[in-house]
Structure formats: C-alpha cells, structure tokens
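Working notes for the structure below.
The values are calculated or read from the model by the stated rules, or taken from the named source; none is laboratory data. Quick caveat, the model's predicted, so the values are computed rather than measured. Cβ: placed from backbone, ideal geometry, glycine included. Neighbour counts: every protein chain shown.
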Amino acid sequence: MNLKLRAVLSSLAFAIVLMMFPVASGAIVVMNGMDAIQSYWLQGVFMMLSISVPAIFMWITNVKPAQVGFVGVEKGSARTVLYFLPVIAAKIGFLFYGINHDIHTTVALAFFTIAIGLSEELYFRGIILRKLRACFTIKQTVILSSVFFAAVHASQAFSGAGILMVALTIVNALLFGIVASEIVMLTKSIIPVIMWHMLYDFINWIALAQGTIETVLIIIESTIMITYAVYLWTELPDKQGNCTRMSSQRRQTHEPLRAWLS
C-alpha cells in the first residue's frame, strides 16, 4: 500500500475510534434525558476511557510519551509562538461578562474539559500528527490533522445539537486544530496545547455572555485566532517527511502488527 495513503488511513482510523466515544456517550445522554451535570460526568468518563486506545497503541509499538510530545517546549520556541499570549487574549474577554458559580456544574465541567483536553490532544496532536508527519510536509500535516479534528466534531450532532451549532462547531474546530497543530510543530510539545484545550473548553462552557455581547466576543476571538494562525503558518518550515526511511524500519521489525500500527 502507498505509504502516504497508509498514514492517512491509519490516522483516519484513530479519528474514528475517538469519535465513537462521544457519539456513544451523547446517545446515552439523549436517550436517558440526562441533565447537564450528569451529561458532563458521563461524557468525561467516556473521554477518559478513550485514552486507553492510544495507550495500548503506544505500548504495542514501543512509542515513548516523549515521542508524542510529552516533553517541555523546545528552547526558544515560546518566543516564536509569542508566548501563547494570543490564545489567552482570544478567550479572556468571556470571563468579564459573568460565569456560572454553581459548584456542582463547575466541578463536573472541570472534569469534562480535562478529559477532553487530554484525550483529543493525545489523539490529534500526539498520535495522528506524528503519523502524518512521517510522510507529509509540516504544512500538509497541519491541514490534514486539522481536517480530521474538525470532522470528529460532527459527533456533536449525536448529542442533540442543532445543525447550525454543529456547523459552527466544525468550523471552530478546524481553526482550533490548525493553531494547535502549528504550536506543536513549532514547540515540539503537546503540553501547552493540552492546557490551552482544557481552559478553552472550560471557559466556553462556564461563561455566561449572551446575545450581542457574545457575538462581539466571538468575532474578536475569531479575528485573533485567524491572525495568529496566519502568523504561525509563516513561521513553519515546510520539510518533507521520510516515508522511505519509515518503510525500511518496518521491514526490519519483522512484526506485521507493529509495522502497520507504527
């Protein structure tokens, strides 16, 4: 099989596996008429369970945590990504117009968003980004992984969200995925984007801004994010991955399962 196609199909398989967890939990929430707090806990548990798949993959293929980005940021890279200030600026405004102070909701949301941040970043900016990078240029990898990330967020439809909300979620996820992938490519670490992802989702759910104020804040956020994405894009090198080398390494393992997964 063509190695680029294999990398894409393997990445797609991981994306589909991850999507199964929120789809399943969303369906359970809808069928059982669960309230918001119950929904957060259930979906958080399912997202935590989803981490078992990449964990097993890493064990089978002898991939170390450092190889999927669990390392500190590369020296000097924080300055390149402007010390992550744009992603903070994009969301901070939402906190000035009220937040949900209910302790039960806050705790459930904290668990839910921690689970989402860990699982989605491990899958997309850890496993999938690594797979695609082996055969594609950095910029191609950023786009491909972000498209997969956006497609997975179509699973929102199974949680009872309307079509417009699902469409907006997909577009927002595409932009988020591009920026997150760019940051990982430039810093060589997924730790900052895990933290950002957790806080980003937490603020989204906890903030009370509505109506015109919410619309203005979203426009400001989108403008900052698009500008940041364009800036980071100009900072990316565009080196090609080495599929030939990867193929050679596979032949030397003599382990079919490990060769396919790696």
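Out of SER11, SER50, one residue alone is among the small types (Gly, Ala, Ser) and within 24 Å of LEU109 (Cα to Cα). It is SER50.
Of all residues in region 10-34, those that are closer than 24 Å to ILE206 by Cα and out of contact with any helix residue (DSSP H, G or I) (no Cβ under 9 Å at 6 or more places or on another chain) total 1. Residues of region 173-200 that are part of a loop (DSSP other than H, G, I, E, B) and buried (at least 17 other Cβ atoms within 10 Å of the Cβ): SER189, ILE190. Of all residues in region 156-172, none are crowded, with 21+ Cβ neighbours inside 10 Å and within 27 Å of PHE70 (Cα to Cα).
Of the residues making up region 201-231, those that are of a type in the set (Asp, Glu) and either modelled with pLDDT of 95 or more or surrounded by 15 or more Cβ atoms within 10 Å (Cβ to Cβ) (or both) are ASP201, GLU221. Entry remark, region 18-35: residues being exposed (fewer than 15 other Cβ atoms within 10 Å of the Cβ) and touching a residue at least 40 places away in the same chain (Cβ under 8 Å) number 2 in total.
Please verify whether MET225 is part of a helix (DSSP H, G or I), without any contact (Cβ under 8 Å) to a residue 12 or more places away in the chain, over 22 Å from GLU74 (Cα atoms) and in contact with a helix residue (DSSP H, G or I) (Cβ under 8 Å, 6 or more places away or on another chain), treating the condition exactly as stated. It is false that MET225 is part of a helix (DSSP H, G or I), without any contact (Cβ under 8 Å) to a residue 12 or more places away in the chain, over 22 Å from GLU74 (Cα atoms) and in contact with a helix residue (DSSP H, G or I) (Cβ under 8 Å, 6 or more places away or on another chain). In the set ILE116, ILE92, ILE99, ILE37, only one residue is within 18 Å of the chain's Cα centre (by Cα) and among the β-branched types (Val, Ile, Thr); that residue is ILE116. Only residues that are part of a helix (DSSP H, G or I) and either surrounded by 14 or more Cβ atoms within 10 Å (Cβ to Cβ) or in contact (Cβ under 8 Å) with a residue 12 or more places away in the chain (or both) were counted across region 232-242, and they come to 3.
Considering region 69-147, the qualifying helices (runs of 4 or more DSSP H), each wholly inside and each with 1 or more residues that are touching a residue at least 12 places away in the same chain (Cβ under 8 Å) and farther than 20 Å from PHE14 by Cα, run over 77-80, 85-92, 103-121. Within region 74-105, the set of residues being closer than 19 Å to HIS197 by Cα, of a type in the set (Phe, Trp, Tyr) and surrounded by 13 or more Cβ atoms within 10 Å (Cβ to Cβ) comprises PHE84, PHE94. Scanning region 125-142 for residues that are out of contact with any Leu (no Cβ under 8 Å at 6 or more places or on another chain) and under 23 Å from HIS153 (Cα atoms) gives ARG125, GLY126, ILE127, ILE128, LEU129, ARG130, LYS131, ARG133.
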